[in-house]
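Please read the structure below before turning to the comments.
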Amino acid sequence: MGDVVQMHFSTPDYVIFALLLVASTCIGLFYALSGGRQRTTQEFLLADRSMSCLPVSLSLLATFQSAVAILGVPSEIYTYGTQYWFLGVSYFLGLLVPAHVFIPVFYRLRLTSAYEREQLVLYAPALALNAVTGFDLWGAVLAMGLVCTLYTTLGGLKAVIWTDVFQTIVMFAGQLAVIIVGAHQAGGMGEVWRKAINGSRIASLDLNPDPTERHTFWTLGVGGVFLMLALYGVNQAQVQRYLSSRTEREAVMSCYVVFPCQQVVLCLGCLMGLVMFARYGEDSPLDKGYVKTNDQMVLYFVMDVFRDLPGLPGLFVACLFSGALSTISSAFNSLATVTMEDLIKPYCPTMTEAKATLLSKGLAFAYGLVCLAMAYTASHMGSVLQAALSIFGMVGGPLLGLFCLGMFFPWANSTGAIVGLVAGLVMAFWIGIGHFVSRMAVPTTLPPIINGTAMPLPSNMTTAVMTTLITLITALYNLSYLWYSAHNSTTVVIVGLIVSLLTGPMKEKDLTPGTVYPVLGNLLFFLPECYREILCCVTPLPQKVGCRPQRWRIPPMNQ
């Protein structure tokens, strides 16, 4: 390919990138000045519960398809092959369960907040952009952060959702442009596929059950289900979009619509990785020193492919920043929602609607400024992509377990929930940090045991116990990151149930109607009535009725 020259943005690239920021701001201004003009918390935080299925589903997709995915998936495929493609198997249950289990409970309770988590996604695309193109790093961070803060504060959730729709279209356009042009330059998709096969990048079905293997069918297809449940089932940003739907049926349909979109997005990321491999083969830009991390390879590839096509690099960068904007705007609005509904309103019940709305806007703006400060902190954390994925795996799993404990096990009490959550978080961070430290540590070997009188030899039993513990801890540290959510959520449920039974299970009369999903009513139908009453598995709804199947009936959908 010859020497690679330094690549920079052209004027058309800057224009296209600027148009993305301007369009996003205009959408926020439009919804700030139209309709109810964001004068109530219901409109600002939940879009007045007026959204239809299509924009909600595209917004769900955009929130998931962050800059982490746009940069990370092609690099993953280029480096390790298409095994990651099997993650698509997890989308079936990962979206069906939220549609028919979590959404009905959240929607019929008319909730506003579920909980919140967000990650550092503002700094990652700016870092890659700066490293490859010379684009001013903090200029990009400030531009993206301030624009996102502006349209989120002005237009509320409705502006966030509609900018997500616009940004999703930009993301699809940018990825398609890269794949089409890159495949054409490589000699067509047939040539791309041939080089991928010859380079051992087309992975076969790996049924290895070892959970320490990074990617197998089981880690991706089963462990990925728990990751998807944590994202689409109980994540505040997604729950808030479900609750903005006009009806429960529209909310459920949004999960069905996002399923094929997710498969398309996954395919696009994988195809881009294969096209990258067809261009560079084993001689990667990382090995040549053109980029410093895997995070920067995709953008380098884009600039290399589009070097003679002004405007197209700007389109992909707009695509990249669209992924970041959609995730960040979701974070701002969700954080404002949780703070208002869970931390302020319970202690200020007499606050007027006007003051609550003004405070919500102020919170969204303040969180935007905090995010900029966090981006500065992220500049000292190394690989931001790895940090973001690790944080989500460690925090999302315990929170999924907490929701499952409360919704599926009626006898779980508050003490069990708190202890279970703490146990899950401790396990999560122990394994996550232990994995990181064990990879960084210099391997050492234990000195041989010398038979002498200076030190007594340990017994065979002690040696066996210590060997077993070390083996177990090593296996936990080597656990595939895709099992983090499953392991941590299971820890929360098991510890929470044990503590609840030891401290006195929740009584049936103390249950809040509609907060329990009828899983145990079906699984434990064979138990006598007295035992089911002890386990609080009789009537989670306001009134008891005579027939057992009706006891577990959920109120009908709002049409």
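The values are calculated or read from the model by the stated rules, or taken from the named source; none is laboratory data. Keep in mind that this is a model prediction, so the values were computed, not measured. All Cβ positions, glycine included, derive from the backbone under ideal geometry; neighbour counts span all protein chains shown. Just so you know, the surface numbers come from the protein's heavy atoms only, side chains and all, with ligands and any DNA or RNA stripped out. Shrake-Rupley method; radii C 1.70, N 1.55, O 1.52, S 1.80 Å.
Tell me whether region 165-288 comes out rounded, prolate or oblate; compute the Cα gyration tensor, take square roots of the eigenvalues as a ≥ b ≥ c, and use a/c under 1.5 as the rounded threshold.
On the way: a/c = 2.75, a/b = 1.50, b/c = 1.84.
Because a/c hits 1.5 or more and a/b fails to exceed b/c, region 165-288 counts as oblate.
Take the Cα of Asn208, step 7 Å along the line toward its Cβ, and report every residue of region 459-491 whose backbone nitrogen sits under 16 Å from that point.
Within reach of a label on Asn208, which here means backbone N under 16 Å from a point 7 Å along Cα→Cβ, region 459-491 contributes 475-476, 478-483.
If I stretch the segment between Thr515 and Ala464 completely, what's the gain in nm (0.36 nm per residue apart, minus their alpha carbon distance), one decimal? Show your work: numbers first, answer last.
Working: separation 51, 0.36 × 51 = 18.36 nm, distance 4.70 nm.
Here the answer is 13.7 nm.
Given points 7 Å out from each Cα along the Cα-Cβ axis, report the Leu142 to Thr471 separation in nanometres with one decimal.
5.8 nm
Based on the Cβ-Cβ distance of Val89 and Lys355, what FRET efficiency does E = 1/(1 + (r/R0)^6) give at R0 = 56 Å, to the nearest 0.05? Could you put the intermediate results ahead of the total?
Values: r = 49 Å, r/R0 = 0.87.
After rounding to 0.05, the efficiency reads 0.70.
Over region 187-255, average the accessible area per residue using a 1.4 Å probe and give it in Å², no decimals. Please report the intermediate quantities before stating the final value.
On the way: 2630 Å² over 69 residues.
Per-residue value: 38 Å².
Between Trp193 and Val422, what is the FRET efficiency for a Förster distance of 41 Å, r being their Cβ-Cβ separation, to the nearest 0.05? Please list the in-between numbers first.
Values: r = 50 Å, r/R0 = 1.21.
Efficiency computed from Cβ-Cβ geometry: 0.25.
Please give the contour-minus-distance gain from Cys267 to Cys348: 0.36 nm per residue of separation, less the Cα-Cα distance, rounded to one decimal in nm.
Values: separation 81, 0.36 × 81 = 29.16 nm, distance 4.85 nm.
Gain in length upon complete extension: 24.3 nm.
Given points 7 Å out from each Cα along the Cα-Cβ axis, report the Ser414 to Ser438 separation in nanometres with one decimal.
Here the modelled spin labels are 3.8 nm apart.
Report the net charge of residues surrounding Leu60, where surrounding means a beta-carbon distance below 11 angstrom and charges are Lys +1, Arg +1, Asp -1, Glu -1.
Neighbourhood net charge equals 0.
Where Lys and Arg each count +1 and Asp and Glu each count -1, what net charge lies around Arg246 among other residues with Cβ under 11 Å from its Cβ?
Values: positive: Arg49, Arg249; negative: Asp48, Glu248, Glu250.
Local charge sum for Arg246: -1.
When the accessible area of region 238-281 is computed with all protein chains present and a 1.4 Å probe, what percentage of it is carbon and sulfur?
70 percent
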